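See below for the structure under consideration.
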Amino acid sequence: MHLTRLALTDFRSYPELSLELGPGVTTFSGPNGEGKTNLVEAIGYLATLGSHRVATDAPLVRRGAERAVLRAAVTGAQGSTLVEIELNPGRANRARLNRAPLPRPRDVLGALRTVLFAPEDLALVKGDPGERRRFLDELLVATAPRYAGLRADYERVLRQRTALLKSAGAKGHLRGAARESMTATLDAWDAQLARAGAPLLAGRIRLVAALRPHVIAAYEAVSGGRSGESSGMSYRASVLNDDGLDGAGGAGSGADRGQDADVPGLETAMLKALAGVRPSELDRGVCLVGPHRDELELFVGGLPARGYASHGESWSLALALRLASFALLREGREDPVLILDDVFAELDEGRRDRLAALVADGEQVLITAAVPADVPDVLAGARFTVSASGVVASAG
Ligand SMILES: Nc1ncnc2c1ncn2[C@@H]1O[C@H](COP(=O)(O)OP(=O)(O)OP(=O)(O)O)[C@@H](O)[C@H]1O
Ligand SMILES: [Mg+2]
């Protein structure tokens, strides 16, 4: 699929912007701080309903404005679609598809699919496990939008169960009937949590198994395949009590070999794990097992990437995760839009050329660069200059 038009009102630094886009490569260049990343951030938001830079919507609305409006015309296998999102920080956002209002913004997911790589992705390798869980869940939603609902359900049940654990823990002295009734209530919430968690867990386990070969190949391609530099990843599921340590070899832990990824089996495993940790959960007032406690472990050269990998290795691995996502999403389906924010400046010439060769045939590739000369020639295409006077098509 590809975008044919992007229009923004009061998004970030743009009071008003309208841009015609075509398939193939488009490069946005211009000085620092002039709005290149703002542009691609808007496109990413239209696809995922989230920014790759901030967790809340408020910074996305131009300072002094009350709301922002993002619009994109998308051409794909299904014909042309008009996607619109209105950001109302502090109030409900609204989404429209082909001008028809949608019941919930998340119903717009799937209309535009993107893979966005940005310098912030270094956090995928160096940051907390939550960064990697979010990566997996966003990719799951891109593969199948129904996961957005599954994830929202799980988070809702998790919040409610955690609140109950806290209040139950505070009433640790309960005796007799009161205690029995509290136990029954917790049992019911365990069942709900397991029911909501199992499909999410199954989806993640299957996703990691499908993604792994792509990550290994992409890392090798980006790093030039130097020996001893191979990458690996494995999913460590807190409910499966699996040590997941053989992931570096690429075989994966028992958790992500696939045969464990059946939903009823995982639901049972989750119930069992919840029963096992009940006393500690009551003590601590937190929910100790479930997809929200899992880890996607990453390895470079057999060592955990987090804490061991060099800056360059971490960067290549983060890039490999996004390139692998792109490869996975385009398998047997139309290409998502590939967005590379500021990637070339960080790479040496060999890595630049190899990356360019990997992405050059994408249906639509949007690139930002402060210095246009950093972008290899094979990625020649449409060019825009982004500056204080606007976003202007440039010659060459
Ligand atoms: N909500 C907002 N309202 C007004 N201006 C904003 C808002 N959010 C960000 N900006 C401005 O947008 C600019 C940053 O734009 P952006 O991140 O797109 O730059 P860039 O062209 O990608 O720069 P670099 O080359 O350094 O990556 C900053 O000057 C910032 O002040
Ligand atoms: Mg930028």
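The values are calculated or read from the model by the stated rules, or taken from the named source; none is laboratory data. No experiment lies behind these values; they were computed from the predicted model shown. Because the Cβ atoms are built from the backbone with ideal geometry, glycine has one as well, and the counts that use them run over all protein chains shown.
Annotations
- Looking only at residues in region 371-396 that are of a type in the set (A, V, I, L, M, F, W, C), within 12 Å of ligand 1 (Cβ to nearest atom) and modelled with pLDDT under 95, the one that is nearest to A42 (Cα to Cα) is A388.
- Any hit, region 65-76, residues being out of contact with any helix residue (DSSP H, G or I) (no Cβ under 6 Å at 6 or more places or on another chain), within 15 Å of ligand 2 (Cβ to nearest atom), farther than 19 Å from S18 by Cα and modelled with pLDDT of 95 or more: no
- In region 162-173, residue farthest from L274 (Cα to Cα) [restricted to those that are out of contact with any helix residue (DSSP H, G or I) (no Cβ under 6 Å at 6 or more places or on another chain) and at pLDDT below 80]: H173
- Single residue of R96, R106, R132 found to be under 18 Å from T48 (Cβ atoms) and either within 16 Å of ligand 2 (Cβ to nearest atom) or part of a strand (DSSP E or B) (or both): R96
- Residues in region 45-58 include at least one that is among the hydroxyl-bearing types (S, T, Y) and assigned to a helix (DSSP H, G or I).
- Total residues in region 340-395, condition surrounded by fewer than 20 Cβ atoms within 10 Å (Cβ to Cβ), within 16 Å of ligand 2 (Cβ to nearest atom) and within 24 Å of L321 (Cα to Cα): 5
- Subset of region 12-30 [farther than 21 Å from A380 by Cα and either at pLDDT below 95 or in a loop (DSSP other than H, G, I, E, B) (or both)]: R12, S13
- The condition of being more than 10 Å from ligand 1 (Cβ to nearest atom), buried (at least 21 other Cβ atoms within 10 Å of the Cβ) and under 17 Å from Q364 (Cα atoms) holds for L46.
- Filter result for A318 (among the aliphatic types (A, V, I, L, M) and either at pLDDT below 95 or farther than 21 Å from P119 by Cβ (or both)): no
- Any hit, region 359-370, residues being within 16 Å of ligand 1 (Cβ to nearest atom) and more than 24 Å from the chain's Cα centre (by Cα): yes
- Flag if L102 is under 27 Å from T75 (Cβ atoms), surrounded by fewer than 21 Cβ atoms within 10 Å (Cβ to Cβ) and modelled with pLDDT of 95 or more: yes
- Tabulated pairs, region 383-396, first over 16 Å from D341 (Cα atoms), second surrounded by 11 or more Cβ atoms within 10 Å (Cβ to Cβ) and not hydrophobic (A, V, I, L, M, F, W, C), C-beta under 6 angstrom, 6+ apart or interchain: S387/G30; S387/E34; V392/T385; S394/R383; S394/T385
- Consider region 14-30 and keep the residues that are buried (at least 17 other Cβ atoms within 10 Å of the Cβ) and among the small types (G, A, S). The one that is nearest to ligand 1 (Cβ to nearest atom) is G30.
- Number of positions in region 369-396 that are within 23 Å of G312 (Cβ to Cβ) and either part of a helix (DSSP H, G or I) or out of contact with any Ser or Thr (no Cβ under 6 Å at 6 or more places or on another chain) (or both): 7
- Residue list for region 31-42, filter: within 6 Å of ligand 1 (Cβ to nearest atom) and either in contact (Cβ under 8 Å) with a residue 24 or more places away in the chain or part of a strand (DSSP E or B) (or both): N32, E34, G35, K36, T37, N38
- Only one of the listed residues (G307, G362) is in a loop (DSSP other than H, G, I, E, B) and in contact (Cβ under 8 Å) with a residue 12 or more places away in the chain. That residue is G362.
- Among (1) closer than 19 Å to R278 by Cβ; (2) without any contact (Cβ under 8 Å) to a residue 24 or more places away in the chain; (3) not polar (S, T, N, Q) - the single one G225 does not satisfy: (1)
- Region 94-107 residues that are within 23 Å of L140 (Cα to Cα), paired with ones that are of a type in the set (A, V, I, L, M, F, W, C) and part of a helix (DSSP H, G or I) (beta carbon under 7 Å, 6 or more apart): A95/V108; L97/V108; L102/V108; R106/A148
- Screening L60 on (1) more than 16 Å from ligand 2 (Cβ to nearest atom); (2) surrounded by 14 or more Cβ atoms within 10 Å (Cβ to Cβ); (3) under 26 Å from A123 (Cβ atoms) shows it passes everything except condition (1).
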